[in-house]
Amino acid sequence: MAPTKESVSMYQLRFEPSGREVSCKEGQTLLDAAVRAGLNIPYGCRHGNCSACKAKVLEGDYTSMDRVSEFALMGFERDQGYVLLCSTLPESDLVVEIEEEDEEPGVRLFTVYDFSAVVVENEAMTQDIHRLRLRLEDPVDIPYAAGQFFEFEIPEIEDTRAYSVAAPHRPGEGLEFHVRRVPGGRGSGYMTALRPGDRVTGSGPYGKMQLRDRSKDLLFVAGGSGMAPIKSLLEELYSEPVDRQVWFFYGARTARDLYLVDQWRRWEEERAGFHFVPALSEPGPDEPWNGERGFIADVLARHFSRFDGMDAYLCGPPALIQTTLKVLYQGGLRSSNIYYDEF
């Protein structure tokens with residue numbers, strides 16, 4: 001029999017070396033408890049696929065969720081007590097050794113809320129990307145930074161899926177997400193099948209994908225539904241006067257996979273210094289396409305040989321991120337000036 005709310009156990013987590021103590025309830029991940037308590041610790045995917053939230057349990061009992069990737073946490077590391085905070089559940093009080101991050105100038109920490117919302121719109125933007133607009137019900141507003149993401153509860157799998165917000169925070173205007181429907185994906189299948197009036201639940205905001213230095217020339221690179229956080233960041237950027245050069249490179253497979261092109265072309269006309277460069281990696285032989293062709297990293301390399309003095313923001317699938325990082329490093333950009341989210 002599942003425990004009732006009254007019988008759910010509470011555990012104490014002590015994070016070393018700071019000695020900070022946090023409460024964690026039964027069934028809650030160590031990462032969720034830490035983030036909600038305001039600890040500034042590194043994390044990425046929140047689903048066991050990356051190793052950003054790796055930590056070591058020094059004392060106590062715990063269980064690791066099945067979703068932990070062998071590549072993110074090797075067998076010998078597990079034997080030594082290492083865990084991924086995002087996929088570890090407490091079974092007793094714990095002492096955990098973590099690496100807390102120093103506060104980064106320009107990066108804000110926001111309170112994480114559990115929320116319920118109503119679907120206002122579900123629009124197919126491409127053959128597999130849907131734009132969802134939600135109206136928050138409880139709470140009625142959640143402050144967040146452009147570039148952050150929210151997690152949604154997926155009833156069919158009793159798990160969550162993360163999606164980046166596609167518009168900056170505007171009190172009273174709800175939330176916008178771009179969700180790519182993955183063949184066989186139960187999470188994306190659930191999200192893209194939602195209809196106006198349906199209710200969803202989840203939590204957020206999460207992540208540290210935020211605008212840093214507005215005084216530099218800026219480079220944005222995205223592919224597929226990675227458009228969502230970049231759109232959010234760009235709209236946040238241009239909420240104030242911008243007197244720098246801003247480039248947005250967007251990669252898609254075919255012309256059918258492009259969307260919001262009219263918006264970005266309009267921005268080019270209305271905003272001095274803004275440049276939009278779409279590219280198709282697999283254009284059909286009969287497609288009337290006169291723009292850039294090839295993978296977006298190669299297109300970027302054709303436009304720039306050096307990236308001195310710039311900051312870069314990347315969002316998209318791992319292959320796009322890795323190939324783009326290679327071009328940026330070869331062009332002299334340091335990792336401290338690159339911010340990215342893998343989808």
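The values are calculated or read from the model by the stated rules, or taken from the named source; none is laboratory data. What you see is a predicted model; the values in this text were computed from it and never measured. Positions of Cβ are generated from backbone atoms using ideal geometry, with glycine treated the same way; all protein chains shown enter the neighbour counts. To get the accessible areas, we keep the full protein, side chains included, count just its heavy atoms, and leave off ligands, DNA and RNA. Shrake-Rupley method; radii C 1.70, N 1.55, O 1.52, S 1.80 Å.
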Picking from Thr160, Thr111, which residue would you name as being of a type outside the set (Lys, Arg), at pLDDT below 95 and in a strand (DSSP E or B)? Thr160
Which one of Val8, Val22, Val68 is free of Cβ contacts under 8 Å to residues at least 24 places away in the same chain and under 28 Å from Pro105 (Cα atoms)? Val22
Suppose we keep only residues that are among the polar types (S, T, N, Q) and open to solvent by 30 Å² or more (accessible area, probe 1.4 Å) within the stretch 117-143. Which one would you say is modelled with the highest pLDDT? Asn122
Among residues of the stretch 65-87 being within 19 Å of the chain's Cα centre (by Cα) and more than 21 Å from Gly19 (Cα to Cα), the residue most open to solvent (accessible area, probe 1.4 Å) is Arg67
Exactly one of Ser335, Ser232 is within 27 Å of Tyr43 (Cβ to Cβ) and open to solvent by less than 30 Å² (accessible area, probe 1.4 Å), and that one is Ser232
Can you name the residue in the stretch 1-11 that is surrounded by fewer than 15 Cβ atoms within 10 Å (Cβ to Cβ) and outside any loop (DSSP other than H, G, I, E, B) and, of all such residues, is modelled with the lowest pLDDT? Lys5
Look at Ser215 and say whether it is over 23 Å from His47 (Cα atoms), polar (S, T, N, Q) and open to solvent by 10 Å² or more (accessible area, probe 1.4 Å). yes
With respect to Ala146, is the statement that it is open to solvent by less than 50 Å² (accessible area, probe 1.4 Å), modelled with pLDDT of 95 or more and touching a Leu at 6+ places or on another chain (Cβ under 8 Å) true? yes
Assess whether Arg256 counts as being open to solvent by 20 Å² or more (accessible area, probe 1.4 Å), among the basic types (Lys, Arg) and within 24 Å of Ser215 (Cβ to Cβ). no
When the stretch 146-198 is checked residue by residue, the ones that are in contact with a helix residue (DSSP H, G or I) (Cβ under 8 Å, 6 or more places away or on another chain) and small (Gly, Ala, Ser) are Ala146, Gly147, Ser164, Ala166, Ala167
Output for the stretch 314-343, where each listed residue is in a strand (DSSP E or B) and more than 18 Å from Thr254 (Cβ to Cβ): Leu314, Cys315, Ile338, Tyr339, Tyr340, Asp341, Glu342
Among residues of the stretch 211-226, those that are in a loop (DSSP other than H, G, I, E, B), of a type in the set (Ser, Thr, Tyr) and closer than 17 Å to Gly147 by Cα, counted: 0
Every listed condition ((1) open to solvent by less than 70 Å² (accessible area, probe 1.4 Å); (2) within 30 Å of Gly185 (Cα to Cα)) holds for His275 save (2)
Modelled with pLDDT under 95 and among the aromatic types (Phe, Trp, Tyr), is that true of Tyr43? yes
Of those in the stretch 227-277 that are among the small types (Gly, Ala, Ser) and in a loop (DSSP other than H, G, I, E, B), the residue nearest to the chain's Cα centre (by Cα) is Ser239
Qualifying positions in the stretch 279-313 - open to solvent by 90 Å² or more (accessible area, probe 1.4 Å) and assigned to a loop (DSSP other than H, G, I, E, B): Glu282, Pro285, Asp286, Pro288, Asn290, Phe295, Ser305, Arg306, Asp308
When the stretch 182-207 is examined, which residues are found to be open to solvent by 60 Å² or more (accessible area, probe 1.4 Å) and at pLDDT below 95? Val182, Pro183, Gly184, Arg186
Per the filter on the stretch 163-181, residues open to solvent by less than 80 Å² (accessible area, probe 1.4 Å), assigned to a loop (DSSP other than H, G, I, E, B), in contact with a strand residue (DSSP E or B) (Cβ under 9 Å, 6 or more places away or on another chain) and more than 13 Å from Leu136 (Cα to Cα) are Ala166, Ala167
